[in-house]
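Engineer: Sharing a structure with you now.
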Amino acid sequence: MLFSETTLPAPLLAAVSAYGYRELTPVQQQVLPLALAGQDLLVSAQTGSGKTAAFGLPMLAGFIGQTPADGAIPKALILTPTRELAQQLATHLSAFAHGSALRVMAVYGGANFRPQRQQLQQGVDVLVATPGRLFDHLSQDYLNLGQLQCLVLDEADRMLDMGFIKDIQRLQKWLPAQRQTMLFSATFPPAVRQLGLEMTQQAQWVEVAPDHSGASIDQQVLLVPKQRKAELLAELVGKHNWQQTLVFVNTKEAATRLGAELMLDGISHAVFHGDCTQGARNRALAGFAAGNVRVLVATDIAARGLDIPALPRVINLELPVEAEDYVHRIGRTGRAGLDGEAFSFVSPQELPQLQRLQQALGVQLAQSTPAGYEATAPLPERYRTGTGAGADNTARRTDKKHPRHAPRAQARFSKTARNGTHRKPQR
Ligand code: AMP
């Protein structure tokens, strides 16, 4: 179905056309007519499926012709788990609202409070917020949600993971009973289902065929000894001249460690995890999107929902524990109809985990061992030299001239990883 065949008002049709959308995605085809009819919805849809336009366009269609807000009295509130998602949603919704006088803004933690407050007070029609910062604003008296016509809960399963569900339930007392509510979630564990039923009235369930297999994503497992994963990554980036590669690891420590490895290999990179400041995250993303950063090393919590246009590939340097995280990780590529590839680097120790993952996903991933990385292959000379951090550093420093052939430290990579298992992973 084409956007031109929908009943969306002309300014919105012009905006989506300027954005380059012609055909509706499956989630848009299902959600748009129901949302336009004012129906409450519980939608099971993956990130990257086009859900922003699915709820955003009908929502804005209802507001066009209404008087723009005079003060912090939004007509719509979109709650989303992370700052990046809040920024992304606000960017897309602002673009859709371009031909109207409606004002869209995002409030999220990690950014100055006062400018957000001032902007809110100047008038906002569509407010995108992360739960924590929303409550900061609500605890002062200028933000009024009493006129809300539409509430959207985005990535509800991730909000559950991040402990926001109680906050959302608490929000009820600020909301008018008469409103449209749409909840979107990739998965519906019992707590999300319960929340959905509490927040909606006679909601219609919409299930957009879950894409657990990542149909447009070529998924492969590369079998590689644990201590040689960084080396293989550097080799592939160099050999194939990869320009944009998103690499997932499980912990902040692993992200920092891999960043150090890539620096020694002379590969431009940035790290992206929960401890990075908002400024650092924005710079990393902007550099990656602009092609100045070839490898973005990220943890799940930071990268959830990221929309990096036309991202060609994702690498799991470490396998995620949860199948759901695997789906979200590889879902950063293969978006909006473009093909992508996803490589998981799996060491012999991780094979049982791979097995569990494949069972949960109901897929069998193609496996191969890159030439020279066979388990039986004798370790290269560089792994046999240097057993301590000091020896390792010395070896590395001398190597800057020939980065790809740099002596690497088996000891450092595996030792730190081993230490890491005693701590709760920090994502
Ligand atoms: P979302 O799931 O809303 O984050 O969208 C994922 C990506 O798909 C974004 O880059 C959107 O700009 C893009 N997109 C959404 N809907 C369409 C469409 N109908 N045609 C082309 N691209 C789209």
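Engineer: Evaluate segment 317-325: report whether one residue or more is in contact with a strand residue (DSSP E or B) (Cβ under 7 Å, 6 or more places away or on another chain), hydrophobic (A, V, I, L, M, F, W, C), away from the ligand (no atom under 16 Å from the Cβ) and assigned to a strand (DSSP E or B).
Structural biologist: no
Engineer: Considering every residue within segment 179-189, establish whether at least one is crowded, with 16+ Cβ neighbours inside 10 Å and touching a Gly at 6+ places or on another chain (Cβ under 7 Å).
Structural biologist: yes
Engineer: Looking at (1) out of contact with any Pro (no Cβ under 8 Å at 6 or more places or on another chain); (2) free of Cβ contacts under 8 Å to residues at least 40 places away in the same chain, can you tell me which one Thr80 breaks?
Structural biologist: Result: Thr80 fails condition (2) only.
Engineer: Now for a separate question. Could you tell me which residue of segment 327-358 is farthest from Ala375 (Cα to Cα), considering only residues that are in contact with a Ser or Thr (Cβ under 8 Å, 6 or more places away or on another chain) and away from the ligand (no atom under 16 Å from the Cβ)?
Structural biologist: Going through the qualifying residues, I end up with Glu341.
Engineer: What are the residues in segment 111-128 that are away from the ligand (no atom under 13 Å from the Cβ), touching a strand residue (DSSP E or B) at 6+ places or on another chain (Cβ under 6 Å) and of a type in the set (A, V, I, L, M), if any?
Structural biologist: Listed by number, the residues that qualify are Val124, Val126, Leu127.
Quick note: the coordinates plus some simple rules give every number you see, no bench work behind them. Note that the structure is a prediction, hence the values are computed from the model and not measured. Heads up, the Cβs are rebuilt from the backbone with ideal geometry, glycines too, and the neighbour counts pull from every protein chain shown.
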